[in-house]
There are 2 protein chains.
Amino acid sequence: MSLNDVKNLTLSLDVMGGDKGPLITIPAAIMAIKSHPHLHLILCGDPQIIIPIAARYGMPAEKLEQHPQLTLYPTTQVVEMDDKPALAMRTKKDSSMRKSLDLVHQGKAQACVSAGNTGALLSMAHFVLKNLPGVERPALISALPTHDKNKHVFMLDLGANVFCDSHVLYQFGVMGSVMAAQVDGIENPRIALLNMGEESMKGSDHIKLAAVELTENSAINYVGFIEGCDIFANKADVIVCDGFVGNVALKTCEGVARLVHKRSKSIFTANVLTSLVGFFFKSSFKKLFKSMNPDQYNGASLIGLRGIVVKSHGNANSAAFLAAIREAMKEVERQVPDKIKATLEQGLSVNEQ
Amino acid sequence: MSLNDVKNLTLSLDVMGGDKGPLITIPAAIMAIKSHPHLHLILCGDPQIIIPIAARYGMPAEKLEQHPQLTLYPTTQVVEMDDKPALAMRTKKDSSMRKSLDLVHQGKAQACVSAGNTGALLSMAHFVLKNLPGVERPALISALPTHDKNKHVFMLDLGANVFCDSHVLYQFGVMGSVMAAQVDGIENPRIALLNMGEESMKGSDHIKLAAVELTENSAINYVGFIEGCDIFANKADVIVCDGFVGNVALKTCEGVARLVHKRSKSIFTANVLTSLVGFFFKSSFKKLFKSMNPDQYNGASLIGLRGIVVKSHGNANSAAFLAAIREAMKEVERQVPDKIKATLEQGLSVNEQ
């Protein structure tokens with residue numbers, strides 16, 4: 001089918017992005033269309049690479065071409081994982097990443113999913129889609145596990161902005177609140193600011209000022225400061241911090257998970273007896289460590305833009321890329337950008353009273 | 001014995017500090033003198049509380065009074081865990097915390113150990129002991145576990161300073177290098193800066209400038225930027241960051257450990273069979289989670305001052321407080337402050353060439 005015939009829920013995929021590119025994005029795309037009959041995917045990438053890989057997953061060239069849920073969008077360039085964002089912006093206008101964003105901007109896709117170079121994706125998305133009116137900075141947001149197996153906590157910014165002033169942190173609180181309410185259906189989500197302590201005198205001036213701004217917006221359920229040790233304690237639905245701190249916290253979480261994984265492996269394989277007995281717990285612990293790598297398994301969303309962009313981990317496997325596609329679908333269905341816009345406008349009017 | 005007779009290695013203990021105060025500090029002190037015959041401890045606190053607790057641990061009043069390794073130093077005030085640092089500074093000049101620092105300043109003790117209010121300890125230590133010449137800011141440093149069971153990594157600052165400019169970060173690199181070399185005996189310790197990515201263009205301007213300064217000091221083995229996921233990967237011996245980021249990273253580590261602990265408990269107790277089988281692994285996993293809470297079990301040192309101050313966790317047990325006492329002994333023996341002073345002076349001369 002041609003691009004213009006794409007209807008219903010349509011996503012554009014940066015098929016070439018990530019460490020493994022089409023090797024994981026193509027099987028994920030095929031799984032996605034099979035389980036979601038109304039989903040259309042536009043595969044941006046090099047057809048010469050995509051076609052043989054799709055064939056391996058039961059989608060020969062002819063079937064791919066005529067498939068009502070798939071459209072191949074040929075691109076000639078790839079943003080490499082180590083490309084500098086500014087250079088990629090200038091020189092890779094026909095990359096799979098850039099084109100998948102262009103399709104969202106042109107209204108031909110409702111959201112874009114990429115596992116590519118984060119810095120380049122942030123720059124390109126910002127340039128192509130632009131911020132929502134009133135939004136100073138877009139942010140990377142992801143869902144992290146909590147002590148309660150059925151609940152997670154959204155955290156932002158996870159690395160889109162090195163430094164954020166108080167008003168930017170306030171806006172992240174508003175955007176996070178919309179995500180938790182719309183995507184997770186949480187009524188009156190609890191918003192917290194990540195800080196060095198819970199006491200009001202702790203932290204930098206911009207964090208203290210953000211706390212004042214969040215308190216003043218009656219549409220926001222601001223619950224105060226939260227410490228690193230309580231990120232997973234289900235004390236908040238949304239945790240707000242600047243991109244540097246969020247990135248370090250998220251990656252530290254990944255680092256601890258790796259460390260515990262390694263150490264627990266050596267506990268289970270200490271001797272023949274523990275190896276035999278440890279076998280009982282293999283799959284449970286595998287699941288546990290998966291949940292400890294939220295970034296790698298759930299992907300992160302770039303919010304605050306006039307369009308939906310979901311970033312899958314550079315090292316994602318097919319299951320993780322599929323999770324990112326589903327996250328994008330959810331955000332389209334719940335119209336997250338429109339809701340953010342409306343809530344920010346509401347916040348402004350509250351502040352102006 | 002009287003205070004003036006104290007010889008050899010002498011430490012002053014803030015016996016009243018921490019959530020449990022003398023209930024954990026006194027048994028730790030008694031264990032310490034038993035295993036270290038040349039150690040002298042000055043117990044700063046309320047004798048009416050200390051004496052009956054010491055008696056419970058085989059140290060009746062008479063023995064305590066005449067013990068060649070113990071000196072009771074009566075104080076009338078206690079810095080509470082929720083006291084504001086500035087107020088504690090002004091109003092609690094006869095507190096166990098303040099007196100134990102005064103003893104270091106007066107040369108009557110070579111180091112002080114406290115499990116009390118961190119903020120108050122930082123303020124009082126800074127006020128009483130003063131910075132080493134040339135040191136802009138003291139920092140909290142602690143040893144974290146790595147993938148290699150026999151190695152740890154020092155990280156600073158863990159919360160003494162909310163924001164640090166490039167030169168302060170550079171000095172932390174120098175101070176951390178001395179700690180790793182002197183306390184752990186590492187030759188040419190690898191120094192890294194915690195950042196959002198490994199690439200040179202990543203992060204804030206002050207981190208990039210700190211990287212330049214560290215590179216220029218030939219006495220420092222600067223190895224580049226490191227990400228949160230690699231904190232425990234044994235890629236560096238010392239990791240440098242500002243106090244806000246370090247505090248969040250350390251506490252996130254604690255939070256992840258708690259989460260994994262809770263989840264793994266539920267794996268082991270899922271049914272009768274897993275409970276029986278899980279019993280095999282109980283003590284190994286207990287050890288593992290202990291090592292994941294470095295802050296709680298090892299304590300942190302305040303470095304950059306004209307004296308040694310070791311901070312045990314507020315929630316420390318006797319074993320943790322004993323570990324903090326041993327850390328203080330090590331730093332005294334290796335003359336850490338003198339070595340920091342010398343290395344900073346060396347750094348300055350290198351930079352001035």
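What the table shows:
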quantity: Within the range B:216-234, considering residues that are at pLDDT 95 or above and within 27 Å of B:A342 (Cβ to Cβ), the one farthest from the other protein chains (Cβ to nearest Cβ); calculated: B:N221
quantity: Qualifying positions in the range B:145-177 - buried (at least 23 other Cβ atoms within 10 Å of the Cβ), closer than 21 Å to B:G299 by Cα and of a type in the set (A, V, I, L, M, F, W, C); calculated: B:V153, B:F154, B:M155, B:L156, B:L158, B:A160, B:F172, B:V174, B:M175
quantity: Condition check for B:D242: closer than 23 Å to A:R263 by Cβ, of a type in the set (D, E) and crowded, with 23+ Cβ neighbours inside 10 Å; calculated: no
quantity: Members of the range A:91-110 found to be under 14 Å from A:V15 (Cα atoms) and of a type outside the set (S, T, N, Q), listed by number; calculated: A:D94, A:M97, A:R98, A:K99, A:L101, A:L103
quantity: Test: residue in the range B:149-165 that is on the phi > 0 side of the Ramachandran plot, in contact (Cβ under 8 Å) with a residue 12 or more places away in the chain and not assigned by TED's automatic domain parsing to the domain that holds B:I325; calculated: yes
quantity: Residues being within 30 Å of B:N150 (Cα to Cα) and more than 9 Å from chain A (Cβ to nearest Cβ) - total across the range B:196-206; calculated: 1
quantity: Test: residue in the range B:183-195 that is within 14 Å of chain A (Cβ to nearest Cβ) and surrounded by fewer than 22 Cβ atoms within 10 Å (Cβ to Cβ); calculated: no
quantity: Residue within the range A:47-62 that is within 19 Å of A:L101 (Cβ to Cβ) and more than 20 Å from the chain's Cα centre (by Cα) present; calculated: yes
quantity: Residues of the range A:104-116 satisfying the condition of being under 15 Å from the mean Cα position of the chain (by Cα) and surrounded by fewer than 24 Cβ atoms within 10 Å (Cβ to Cβ); calculated: none
quantity: Scan of the range A:30-84 for residues that are touching a residue at least 24 places away in the same chain (Cβ under 8 Å) and among the β-branched types (V, I, T), ordered by number; calculated: A:I30, A:I33, A:I42, A:I49, A:I50, A:I53, A:T71, A:T75, A:T76, A:V78, A:V79
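Every residue, every condition in (1) within 30 Å of A:G255 (Cα to Cα); (2) at pLDDT 95 or above; (3) among the aliphatic types (A, V, I, L, M), yes or no:
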| residue | (1), (2), (3) |
| --- | --- |
| B:T75 | no, yes, no |
| B:V79 | no, yes, yes |
| B:L103 | no, yes, yes |
| B:Q106 | no, yes, no |
| B:A109 | no, yes, yes |
| B:V128 | no, yes, yes |
| B:D148 | yes, no, no |
| B:G159 | yes, no, no |
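Rundown of residues vs (1) part of a helix (DSSP H, G or I); (2) among the hydroxyl-bearing types (S, T, Y); (3) over 20 Å from B:T252 (Cβ atoms), yes/no style:
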site	(1), (2), (3)
A:Y170	yes, yes, yes
A:M175	yes, no, yes
A:A192	no, no, no
A:M196	no, no, no
A:G203	no, no, no
A:L209	yes, no, yes
A:T215	yes, yes, yes
A:S218	no, yes, yes
A:Y222	no, yes, yes
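The values are calculated or read from the model by the stated rules, or taken from the named source; none is laboratory data. Everything numeric here is computed off the predicted structure, so don't read it as measured data. Ideal geometry is used to build each Cβ from the backbone, glycine not excepted, and the neighbour counts take in all protein chains shown.
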